[in-house]
1. Output yes when any residue across region A:72-86 is within 8 Å of another protein chain (Cβ to nearest Cβ), over 26 Å from residue C:243 (Cβ atoms) and more than 18 Å from the chain's Cα centre (by Cα), and no when none is.
2. Right, residue C:98: touching a helix residue (DSSP H, G or I) at 6+ places or on another chain (Cβ under 7 Å), within 14 Å of another protein chain (Cβ to nearest Cβ), at pLDDT 90 or above and outside any helix (DSSP H, G or I) or not?
3. Residues of region C:101-120 being at the interface with chain A (Cβ under 10 Å from one of its Cβ atoms), over 18 Å from residue A:272 (Cα atoms) and in a helix (DSSP H, G or I), which ones?
4. For region C:121-141, indicate whether the set of residues that are more than 23 Å from the chain's Cα centre (by Cα), over 25 Å from residue A:226 (Cβ atoms) and within 9 Å of chain A (Cβ to nearest Cβ) is non-empty.
5. When the residues of region C:259-307 are filtered to those that are modelled with pLDDT under 85 and part of a loop (DSSP other than H, G, I, E, B), which remaining residue is nearest to the other protein chains (Cβ to nearest Cβ)?
6. Considering (1) within 14 Å of chain C (Cβ to nearest Cβ); (2) modelled with pLDDT of 90 or more, say which one residue A:256 fails and leave the rest.
7. Condition (residue is away from chain C (no Cβ under 12 Å), assigned to a loop (DSSP other than H, G, I, E, B) and surrounded by 20 or more Cβ atoms within 10 Å (Cβ to Cβ)) applied to region B:130-146: is it met by at least one residue?
8. Only one residue in C:197, C:211, C:143 is assigned to a helix (DSSP H, G or I) and without any contact (Cβ under 8 Å) to a residue 24 or more places away in the chain, so which one is that?
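The values are calculated or read from the model by the stated rules, or taken from the named source; none is laboratory data. Note that the structure is a prediction, hence the values are computed from the model and not measured. Cβ sites come from the backbone with ideal geometry, for glycine too, and all protein chains shown count toward neighbours.
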């Protein structure tokens with residue numbers, strides 16, 4: 001095989017990986033602050049994807065434009081979930097939290113199945129078949145747009161945590177829960193805010209992902225697992241790590257699909273996960289606790 | 001002959017000198033106190049003896065055998081029982097079951113372990129509470145439970161980490177009586193970290209004083225309280241008497 | 001005799017007599033209940049007793065099923081030898097996972113994710129293993145419903161019911177014995193506070209490995225039963241994470257760490273799932289997914305309002 005095939009596949013994997021990274025960023029933010037592993041993460045991703053599909057097929061609204069309102073809807077969903085359901089479970093044992101979110105995931109994924117049916121649905125925008133050529137490198141336009149959008153959202157999120165008061169307060173909660181309570185931060189509200197922000201990330205990522213793949217209900221659990229793999233590889237709780245992990249998994253999946261078999265690509269990811277857990281359990285960019 | 005021999009052990013945590021070149025020994029059948037202001041390195045020393053940390057340098061001998069490379073469970077099996085300063089009851093288990101876990105080290109069969117555990121609970125005045133869940137105990141009772149569990153492993157040397165803290169004077173005196181009895185009747189050697197000076201003075205025959213990670217004085221209680229170096233390091237420190 | 005042992009004796013008598021009271025369909029439901037009671041009991045050894053959360057128990061069902069299934073499919077060797085191979089392979093796999101996790105101090109959520117990773121890894125591996133049929137599956141030779149071929153574990157539904165009853169009862173007895181022995185005390189101590197357990201002379205590494213090994217061996221037997229009961233194996237089905245979740249639903253709903261929890265949870269869930277299916281069929285709402293939504297709602301309710309499971313609450317009521 002000529003070399004440019006590898007390069008094309010690797011670049012394509014990198015761009016998809018940035019969208020993966022944004023999805024995982026949501027999971028990482030939630031875990032880093034609320035200390036709850038969102039086992040319904042991929043299901044929330046598919047909700048956003050279906051929203052984008054519906055808006056596109058009924059009103060011809062471009063998913064990249066609808067990213068903002070859909071992220072808003074997911075924010076509200078995350079906020080309400082944290083306030084109403086998850087908050088009473090903050091101090092419960094891990095398996096109890098896990099069962100709560102499994103129940104939620106079960107309801108969400110099958111709710112989608114009832115509403116939308118089992119068939120794959122997607123969008124076809126004006127740029128679906130467009131591509132850019134840089135030398136012998138050919139890149140799909142939708143992948144470029146999706147990756148740029150993912151970078152923009154991630155940058156906005158970094159800025160939020162670095163420069164805004166709410167962002168700083170959330171980081172304070174994550175660093176020192178008791179200290180945050182002592183200085184009078186409304187931790188419950190900040191947790192809900194964080195869950196909302198994590199959900200909004202997934203919402204935005206869903207709008208980008210729908211440009212790249214068709215959505216079916218079983219994608220939910222698959223994305224949940226993928227998001228886990230990415231954040232563990234990158235470092236649970238590390239924002240840069242989530243993006244790096246996303247890119248790594250995106251590229252390795254793409255190359256594994258090329259070299260071995262498309263169906264074997266996630267075996268590669270899980271193998272990488274096992275290696276990381278054993279050799280560097282805090283993840284590539286994670287801090288050791 | 002000394003049962004425990006700590007030979008110039010040091011431990012650093014990321015540049016922080018927690019314990020530096022500390023040496024002392026505990027005579028077989030003795031009761032040794034280990035005192036010092038907060039942050040003096042008492043608990044770190046304790047944790048090195050109990051195998052939680054390996055010392056950076058130095059060695060620890062127990063009955064003539066080097067134990068400073070062993071895991072906590074191996075050290076317990078060798079005959080050193082410990083309590084935790086912040087009590088760690090098995091909250092979901094009953095008081096009796098908590099102590100049985102310790103007793104299983106020397107008794108393979110549940111019936112024997114149960115009998116041994118029940119006997120220890122009686123001795124510590126917890127007999128009436130044996131079927132309560134450990135999570136329902138008050139702090140003084142939790143401290144007793146810590147001791148009972150450690151005793152159930154039939155230690156030759158018992159390490160007590162501030163088991164009197166938070167007890168009322170009468171409860172403290174009861175505890176002192178229990179340890180005296182244990183030492184006299186069973187010959188159990190005791191090394192205790194204690195802030196409650198009343199208990200240390202009543203119990204210990206030898207006291208070692210740590211300050212800023214170094215040993216600054218050793219001797220009988222009477223010698224130690226008159227030592228100028230000890231007085232100086234406690235000056236301005238609030239000591240419970 | 002205490003109230004508890006009288007109740008247990010009555011329950012045992014009912015279970016033995018059940019095939020003579022039930023039709024074939026109801027008997028298959030009862031077999032399924034026993035199956036989940038058994039696998040739940042096996043999972044409970046690891047999580048309920050020793051506190052190690054496995055979310056990948058389907059891997060032991062799958063490896064066990066494929067081990068015995070392959071011996072039968074390729075060489076005509078019956079499950080009595082197959083079960084030994086299945087148990088040996090699953091114990092080895094469990095020990096590898098446990099050794100790596102416990103040596104590298106992986107615990108809690110990370111341990112759970114490691115178990116998922118191994119299960120998924122194995123699932124995709126079997127998808128690409130031609131010897132076992134790959135994604136197309138493996139089909140075991142089916143016998144007539146009225147033959148009794150115990151050597152090859154071929155027989156009528158009655159045989160599978162009694163086999164599963166024996167397994168579930170055996171697992172219950174084994175767990176009851178373990179819980180009252182040194183192992184049970186040590187595991188619970190590790191579950192409650194590993195550092196304190198170690199200070200009491202417990203080699204926590206070894207005892208945790210023992211819990212994984214026992215749990216894996218028990219689950220492997222369930223896999224062998226699965227292979228010879230359903231006669232077809234697909235990696236996509238048997239290793240899927242939803243199978244792992246199915247295994248843990250029973251004990252979580254019934255009561256993690258209790259002996260009756262897995263049994264009660266399996267009964268409630270299976271009957272509920274069956275009841276929902278029938279009720280939905282009766283009103284003509286045969287929409288795919290709707291049953292799972294009900295399932296999720298029930299699970300949500302139990303987890304929210306009975307955090308320790310149904311059994312502890314029920315036992316208090318019944319004063320058992």
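1. The answer is no, given that none of the residues of region A:72-86 is within 8 Å of another protein chain (Cβ to nearest Cβ), over 26 Å from residue C:243 (Cβ atoms) and more than 18 Å from the chain's Cα centre (by Cα).
2. In short, no.
3. C:103
4. no
5. C:289
6. Just one mismatch for residue A:256, condition (2).
7. Yes, the conditions are met somewhere in region B:130-146.
8. So the residue among C:197, C:211, C:143 that is assigned to a helix (DSSP H, G or I) and without any contact (Cβ under 8 Å) to a residue 24 or more places away in the chain is C:197.
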